[in-house]
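Down below is the structure, laid out as structure tokens.
FYI, it's all coordinate maths here, none of it is from the lab. Not measured: the values here are computed from a predicted model. Positions of Cβ are generated from backbone atoms using ideal geometry, with glycine treated the same way; all protein chains shown enter the neighbour counts.
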Number of protein chains: 2
Amino acid sequence: MTPSELEQYLFEKIPLSRAMQVAAIEVSEQCVRLRAPLAPNVNHRATVFGGSASTLAILSAWSLLHVRLQGRLPGASIVIQRHSMTYERPMTGEFAALAALASPEQWPRFLRALERWGKARICVNSMLEYRGEQAGLFNGEFVAFARE
Amino acid sequence: MTPSELEQYLFEKIPLSRAMQVAAIEVSEQCVRLRAPLAPNVNHRATVFGGSASTLAILSAWSLLHVRLQGRLPGASIVIQRHSMTYERPMTGEFAALAALASPEQWPRFLRALERWGKARICVNSMLEYRGEQAGLFNGEFVAFARE
């Protein structure tokens with residue numbers, strides 16, 4: 001899946017990603033990096049609104065699982081169960097979220113459970129980036145279903 | 001502050017709230033309830049997107065502090081520091097977030113700290129509601145600054 005294909009998928013299925021003007025920058029099995037401009041995501045302090053920051057993190061984490069499962073179980077569906085988020089410093093311009101598996105070594109077990117039981121859980125981290133530095137951290141637990 | 005005044009404030013300062021078609025339903029010092037329709041907040045499963053759900057919760061929690069501080073320290077500014085969120089069941093239509101202080105008895109101490117030191121922290125809960133039942137739970141820690 002190319003960045004442009006992921007972007008189109010998000011725009012089509014999750015209209016909030018379009019409102020936020022999300023762009024997919026990097027898409028691989030190792031990581032997904034999404035970016036968004038300040039203007040549609042601004043708050044009362046002229047910084048990035050916390051809701052936009054956590055939404056970009058959720059989108060990047062969800063996209064990573066979506067991309068990884070596309071090749072293995074294309075019918076699989078992924079839903080967020082819980083997440084936590086820290087906001088470390090204000091972002092006053094374009095920002096990004098870089099998602100990677102929290103424990104890549106758990107992927108094979110996750111896949112086996114998904115194929116065997118039709119349902120499995122896995123955690124994804126996403127780092128908020130502003131001007132090349134970490135500006136926040138997301139950790140989310142997702143559940144995947146083998147069929148919609 | 002009336003629901004309509006809060007709504008206008010959010011629309012003006014946080015454009016994402018407009019994209020989500022957020023409506024303010026209840027606004028008091030005890031609680032703030034915000035509502036949003038499914039269409040602009042839908043995901044690939046035709047349920048409410050997790051990013052929209054957590055954003056509505058953040059907006060409701062932030063609004064509660066904004067409303068409470070308006071009467072006391074109108075120049076105060078509120079920023080989210082961290083939050084956690086659980087998603088308990090899918091929502092397939094209009095949803096709401098009802099925010100209240102996590103520990104109302106801490107409010108006087110919070111205000112004193114804010115007036116004395118110009119900075120103080122407080123936690124707010126927000127319950128996601130779908131068809132009158134709890135569908136998720138948000139807990140967020142906010143820091144307030146006495147002046148912008």
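Take the Cβ atoms of residue A:102 and residue B:143, set R0 to 30 Å, and the FRET efficiency comes out at 0.65. Which one of A:95, A:126, A:43 is farthest out on the positive end of the charge dipole of chain A, using unit charges on Cβ (Lys, Arg +1; Asp, Glu -1) and the Cα centre as origin? Highest projection toward the positive end goes to A:126.
For chain B, the longest principal axis of the alpha carbon atoms and the long axis of helix B:107-117 meet at an angle near 60°. May I ask you to work out the translational diffusion coefficient for segment B:1-56 at 37 °C, viscosity 0.692 mPa s, via Stokes-Einstein with Rh from the Kirkwood sum over Cα pairs, reported in whole µm²/s? Value of D from the Cα-based Kirkwood radius: 279 µm²/s.
Other residues lying with their Cβ under 11 Å from the Cβ of residue B:26 contribute a combined charge of +2, Lys and Arg counting +1, Asp and Glu -1. In the assembly of identical copies, residue B:115 has its label point, taken 7 Å from Cα in the direction of the beta carbon, separated from the corresponding points by 6.6 nm (ascending, one decimal).
Counting only helical runs of four or more DSSP H residues, what would the 222 nm mean residue ellipticity of chain B come to if each run contributes -39,500 (n - 2.57) and the total is spread over all its residues?
Values: 4 runs with 48 residues, N = 148.
The per-residue figure over chain B is -10000 deg cm²/dmol.
Charged neighbours of residue B:100, selected by a Cβ distance under 14 Å, balance to -2 (K, R count +1; D, E count -1).
Counting only alpha carbon atoms, the long axis of helix B:50-70 and the longest principal axis of chain B meet at about 30°. For residue B:110, neighbours were defined as the other residues whose beta-carbon sits under 15 Å from its Cβ, and their charges (Lys and Arg +1, Asp and Glu -1) total +3. What is the helix-to-structure angle for A:3-13, meaning the angle in degrees between its Cα long axis and the longest Cα principal axis of chain A, kept from 0 to 90 and rounded to the nearest 10? With both axes taken from Cα atoms, the answer is about 90 degrees. Magnitude of the charge dipole for the protein assembly as shown, about its Cα centre and with charges confined to Cβ atoms of Lys, Arg (+1) and Asp, Glu (-1), is about 440 debye.
I need to check one value: relative contact order of segment B:58-148, counting alpha carbon pairs closer than 8 Å and at least 6 residues apart, in percent. Don't skip to the end; give the middle numbers.
Details: 172 pairs, mean separation 36.7, N = 91.
It rounds to 40 percent for segment B:58-148.
Computed over Cα pairs, the Kirkwood radius of segment A:1-137 leads via Stokes-Einstein (1.002 mPa s, 20 °C) to a diffusion coefficient of 140 µm² per second. Computed from the C-alpha gyration tensor, the three semi-axes of the ellipsoid equivalent to the protein assembly as shown are 33, 20, 18 Å, from longest to shortest.
Using the crude model of +1 on Lys and Arg Cβ and -1 on Asp and Glu Cβ, and no other charge, please compute the dipole size for chain A relative to its Cα centre, in debye to 20. Kindly include the intermediate steps, with their values, before the conclusion.
Details: 16 positive and 13 negative charges, 86 e Å.
Charge dipole, chain A, about its Cα centre: 420 debye, nearest 20.
Express in nm, to one decimal, how much length is gained between residue B:92 and residue B:8 on full extension, taking 0.36 nm for each residue of separation and deducting their alpha carbon distance.
27.6 nm
Once the Cβ-Cβ distance of residue A:115 and residue B:39 is raised to the sixth power relative to R0 = 41 Å, the FRET efficiency obtained is 0.75.
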